[in-house]
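Below is one structure, written out as structure tokens; comments come after it.
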Amino acid sequence: MVSSQRYVVRVEADVYTARHAAERLARTEGFARIAAQEVALITSELAWNIVRHAGRGTISFTLVIDPEHGPGLEIHAHDPAPPIADLALAQRDGHTAGGPIPHELMLRRRGIGSGLGAVARLGDRLLQRPDGAGKCLSVTRFLARPQR
């Protein structure tokens, strides 16, 4: 396991920096162009969640070799906000960690509540773990996607 890069995320510009770094790293590690763009999208969604919900945090990347699935890239989103109480609910499109997004708020909130669902669909594994007083969401994307 080799830790590759770490980015501080506080403002919108940091989201783009982390996103571009994720795509470059994925391409360097042998991911096809579309797969690298999906890694970038995962990173972007996680970084936006840091900006929107925690105000600050970090995105880091770790290259991994899984005994079952082979090489992959882990994207870690660390922030000081409390863990998501119901991660499965938060992954449902049109929902947040608190439940369904009311229709009248959907367009005014700069998002339709599909970010974590997209992260889960584009990644191969999504885990949440406590990180001090906050949390870390870790998404793994393998070079060769496992059968679902």
Packing-based exposure ordering (other Cβ within 10 Å, fewest first) of S60, S44: S60, S44
Where labels lie 7 Å past Cα in the beta-carbon direction, separation of R24 and R125 in nm: 2.7
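Every number in this text was worked out from the coordinates using simple rules, so none of it is lab data. Quantities reported herein were computed from a predicted structural model and do not represent experimental measurements. Every residue, glycine among them, receives a Cβ derived from its backbone with ideal geometry; neighbour counts consider all protein chains shown.
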